[in-house]
Amino acid sequence: MRPRADACAATRTSAWFAGFREARPVELRAHFRGAALQAELFRRLEDPGVAGPNRTTGGAYAQASYFVLPHILQVAARLVALSALA
């Protein structure tokens, strides 16, 4: 049986990433006795070509949670920040 090549999927993917130049994500995750902390920081540079000027965007989030009743009830809080740095 020959492997099937999906040319349409490759075209869609390359078109979607056409203006994407680079991204720099940093991620943190920690768990300890029912408590969890998760955070991510990212910065992204887009070059849309003739469609417009270059754009730099960035953002961050932090999420903390704790199992009040183990394996039954978990409480969580999340903080998000996004920006267009132009």
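The values are calculated or read from the model by the stated rules, or taken from the named source; none is laboratory data. Here the structure is a predicted model, which is why all the values come from computation and not from measurement. Ideal geometry is used to build each Cβ from the backbone, glycine not excepted, and the neighbour counts take in all protein chains shown.
All of ARG12, ARG44, ARG29 fail the test of being modelled with pLDDT under 80, among the charged types (D, E, K, R) and at negative phi, apart from ARG12.
Starting from residues that are in a loop (DSSP other than H, G, I, E, B) and surrounded by 10 or more Cβ atoms within 10 Å (Cβ to Cβ), keep the ones in the stretch 38-86 and report whichever is nearest to the chain's Cα centre (by Cα). Checking each candidate, the answer is LEU85.
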